[in-house]
Amino acid sequence: MQLSIPTINSALAATYSKQAAVAQTYKGHPIISFPVDISDVPAGTHSLAFTFVDHDAIPVGGFTWIHWIAANLPATTTHIPENASQTGAIPMVQGNNSTAGAYVHETDPKVSQHYVGPYPPDKDHRYSFKLFALDTELDLQPGYWLNEFHDAIAGHVLATAKTTVIGKV
């Protein structure tokens, strides 16, 4: 399985991160999700799921920052368009990102259960996007947590693809 995310010298475009124009943010958060191209999904795949996280946040905040998680995308998905997180252009069940946790405690689902772009506070960070081909659809409801996601995919992963992008300070 393969995936690609458009970058400029490995970095996400400003539209998708902390340099986004005010009109591309909501409550101070960049909310326009980036496009993703997907190919070579294995036969027998019933759904796709993904995570987009920042492990470089651990020294700053003490934990991996979750920017976007989603499950139950159709197995036939070959392109996730820009802003699919907010527009619903691709059916998916989106989980909580880290703004929903105790650190920020955002309660507006437009922020807490959708894409929130990179906002590295201290230096450029590496963001990991991992795509999963699954042999089932997951029994997850909007607002699930990353640990519930990992429990749900256990024993159902047919293939994975991963890429890393840079979020600029």
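The values are calculated or read from the model by the stated rules, or taken from the named source; none is laboratory data. What you are looking at is a predicted structure, and each value in this text was computed from that prediction instead of being measured. All Cβ positions, even for glycine, are placed from backbone atoms using ideal geometry, and neighbour counts span all protein chains on display. Heads up: the accessible areas ignore ligands, DNA and RNA and are worked out on the full protein's heavy atoms, side chains in. Shrake-Rupley method; radii C 1.70, N 1.55, O 1.52, S 1.80 Å.
In table form, for the structure just shown:
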| item | result |
| --- | --- |
| Number of positions in the stretch 31-67 that are surrounded by fewer than 22 Cβ atoms within 10 Å (Cβ to Cβ) and of a type in the set (Phe, Trp, Tyr) | 1 |
| Residues within the stretch 126-169 that are at negative phi, open to solvent by 70 Å² or more (accessible area, probe 1.4 Å) and not in a strand (DSSP E or B), tallied | 11 |
| Total residues in the stretch 10-27, condition outside any helix (DSSP H, G or I), touching a residue at least 60 places away in the same chain (Cβ under 8 Å) and not aliphatic (A, V, I, L, M) | 6 |
| Boolean, VAL116 is open to solvent by less than 60 Å² (accessible area, probe 1.4 Å) and either in contact (Cβ under 8 Å) with a residue 40 or more places away in the chain or β-branched (Val, Ile, Thr) (or both) | yes |
| Qualifying residue in the stretch 28-41 (condition: hydroxyl-bearing (Ser, Thr, Tyr), under 22 Å from LYS168 (Cα atoms) and touching a residue at least 40 places away in the same chain (Cβ under 8 Å)) | yes |
| Residue, modelled with the highest pLDDT, within the stretch 101-113, restricted to residues that are open to solvent by 40 Å² or more (accessible area, probe 1.4 Å) and of a type in the set (A, V, I, L, M) | VAL104 |
| Residues being more than 21 Å from ASP139 (Cβ to Cβ) and under 14 Å from the mean Cα position of the chain (by Cα) - total across the stretch 59-78 | 3 |
| Members of the stretch 11-30 that are open to solvent by less than 50 Å² (accessible area, probe 1.4 Å) and of a type in the set (Phe, Trp, Tyr) | TYR16 |
| Tally of residues being part of a helix (DSSP H, G or I) and of a type in the set (D, E, K, R) across the stretch 66-125 | 1 |
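Residues are listed down the side, and each one gets a yes or a no for (1) touching a helix residue (DSSP H, G or I) at 6+ places or on another chain (Cβ under 6 Å); (2) under 17 Å from GLY117 (Cβ atoms); (3) without any contact (Cβ under 8 Å) to a residue 12 or more places away in the chain:
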| residue | (1), (2), (3) |
| --- | --- |
| ASP54 | no, yes, no |
| GLY62 | no, no, yes |
| THR78 | no, no, no |
| ALA84 | no, yes, no |
| THR87 | no, yes, yes |
| VAL93 | no, no, no |
